[in-house]
Amino acid sequence: MMNDSPGWASPGSSPSDDPGREKSGSTPPPPGPPPGPGGGPAWGGQSGWGGQGGPGGWGGQGDPGGWGGQGGWGSGWAQPPAAKPGIIPLRPLGVGEILDGAVSTMRAHWRTVLGISLVVAVLTQGVSTLATGLWFRDTASLEGLENNPNPTLNETLDALGSTMASTGVTWLINMLGTIIATAMLTIVVSRAVLGRSVSTSEAWQGSKSQLPRLFGLLFLIPLLILGVAAVGVAPGLILSQAGSTRAGAALALIGGLAGMVAAIWLWIRYSLSAAALMLEKQGVVASMRRSAKLVRRAWWRVFGIQLLTVILITVVAAVIEVPVGIVGVFAGGEGAMDWVSGESTVATWPFLIVMGVGAVISSTITLPISAGVTALLYMDQRIRREALDLELARAAGVPGYGEPEPSASPTHDTAPGS
């Protein structure tokens, strides 16, 4: 059963733990499937043996006709294309369909999506630029450390403390903005799947109750990842302090690589936690467990899609921010040029402002892509394992899938997009 809007609960008990569902590689057809060609049942189902669904099905996505494909034995059993009430077809998705769904959400609901990301980006980048300009634009201590071959302990601590404070403040401000944007944009994407729009105020009302939990989640996961990485490096550092410099450095390198591998594994394992927290109204620990279940036995696929998304976002950000950086250097005059070349330790205000504008433009475009891919990847994993496509089709009112949940109404949702 599904819970209150804007999200849905896991249909059935612990579906991600059902080994039979996982081995079948496809989603079972709904009770009483729509009639196939000639009035008989559509044997392939919505995503059954010969349908467009599961990657382990006999027909697979590229063989909708069952055993023989479109011209073989199973051609008479072919299922019509999957229902598509919104931005994605309601069946297991390919990588391109997930990316296209995120972009389609921006295109179809651009006022809400870009409005949310623009407001969040302006607020976060504005505060970050002010904080940098007022307290952290002087890098004299760091420059002195780089030019001093034998710095004292106080000089080292002063330079590192200033750098860490600047980085920490900027990270915290951006993290708060990312949390708010992710929460609201996840709600927008979940409704766009059903072909329904949502206003900014509705997205805020639907997400604000989960913001404290989402903040705890997005703080706990990086902390866990950093802790694992630190544990990997710690033995080598301890050995170096004991006097075995070379052995300690080698051990630190090996431990660092092992810690990095473990950190990446944890990042992917819990990468769907935010979507589970928002759309299933889960708690912090429960959403992490939920993500782990959905990612299990699909780690490499989730890793590939997330890595591709990171590369895409990085390229988009670079395309925007590199030209803006060049403009910022010219706008900042000689002071900015001296700062870039290392001859000055103080960044000019015009340079910081122009760079802030570039960061706003970049974040406005990349935030919806990141949130959209994560939300759609979460839905795709549930479609593959839990027949969520049937729940979504019913919630969208697609003919042949039964009536929507009784509690569904325009003002009280039971599924995303209701």
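FYI, it's all coordinate maths here, none of it is from the lab. Everything numeric here is computed off the predicted structure, so don't read it as measured data. Positions of Cβ are generated from backbone atoms using ideal geometry, with glycine treated the same way; all protein chains shown enter the neighbour counts.
Side notes on the structure shown:
- Normalised by residue count, the stretch 165-313 yields a Cα convex hull volume of 148 Å³ per residue.
- Once the chain from residue 130 to residue 307 is taken as fully extended at 0.36 nm per residue, the excess over their C-alpha distance is 60.5 nm.
- Efficiency of FRET between residue 204 and residue 285 - r from beta-carbon atoms, R0 30 angstrom, step 0.05: 0.70
- Working ranking of peptides 183-191, 324-332, 388-396, 282-290 by packing, defined as the average number of other Cβ atoms within 10 Å per residue, highest first, is 183-191, 388-396, 282-290, 324-332.
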